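Notes follow once the structure below has been shown.
Derivation of every value follows stated rules applied to the coordinates shown; laboratory data play no part. What you see is a predicted model; the values in this text were computed from it and never measured. Positions of Cβ are backbone-derived with ideal geometry, glycine not excepted, and every protein chain shown enters the neighbour counts.
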Amino acid sequence: MKRIIYYALALCFSLSQAQVSTESAYKVIYEADKDGNQLSGDLETLIALVQSGNPIRVGWEMELQNPTDESTYVLEHWSDAGFISIHQGHVFAQIPSIYGQGSSAVQPEFNQDPSMFLVNNKPHGWVAIVGTTGVLRQKMLRDERTVTYMKEAGMTDEQIEEQLLKMETSHFKTKWAVAVK
């Protein structure tokens, strides 16, 4: 009987200590607008944390236009910062390769809004470098469905090539987070 009481008390104590935390293991320490202007935090602190070897996550926000009704929406992405560089007082993070993905808002045939879809079944279809400057430079595998979609929209081969090249460099609001202990 004493064992049962002991285990019951131990279980109650354990459950009282196991609180669900809404705190993240990461804390946003720096934000910049799409032009690289500081919105919050301190860039020097971010640089010092990078130089100390802290795990960093980077997020970026895209304001996109829904082609069906011309409304705008924000799509936000987060990733672990892979290879990190500090150059001329800014931090640049290489985003590890992923399968390319898209939003249902830009592909009307995916009528389950909101949803995300894989562009193709090829791993390593998209990579990028994002900086505190607000610039994101990306490379992606050429997806024939996207090219077909552009052709159906009336674009010539030359216009498609120009658009794909233009898509390689974008400007986004960025958020930089560090693991907290």
At what distance in nm do the modelled label points of Ser52 and Tyr73 sit from each other, each positioned 7 Å from its Cα along Cα→Cβ? 3.9
The simple spin-label model distance between Lys27 and Lys181, using points 7 Å out along Cα→Cβ, in nm, is 1.3
From Cα pairs below 8 angstrom and at least 6 apart in sequence, can you work out the relative contact order of segment 25-179, rounded to a whole percent? 32
Any lysines with Cα under 29 Å of the Lys151 Cα? List them, leaving off those in the same chain fewer than 8 positions away. Lys122, Lys139, Lys166
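Calculate, for Asn66 and Ala153, the FRET efficiency according to 1/(1 + (r/R0)^6) with r their C-beta to C-beta distance and R0 22 Å; round to the nearest 0.05. Write down the numbers at each step before the final one.
Details: r = 15 Å, r/R0 = 0.69.
Efficiency computed from Cβ-Cβ geometry: 0.90.
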The ³J(HN,Hα) series, computed from each phi in segment 172-181 with the Karplus coefficients 6.51, -1.76 and 1.60 at θ = phi - 60°, rounded to the nearest Hz and given as x for glycine or proline, is 9, 5, 10, 10, 10, 10, 10, 5, 10, 10
For segment 36-51, take each phi angle, set θ = phi - 60°, evaluate the Karplus expression 6.51 cos²θ - 1.76 cosθ + 1.60, and give the result in whole Hz per residue in order, putting x for glycine and proline. x, 7, 4, 9, 7, x, 9, 4, 4, 5, 4, 4, 4, 5, 5, 5
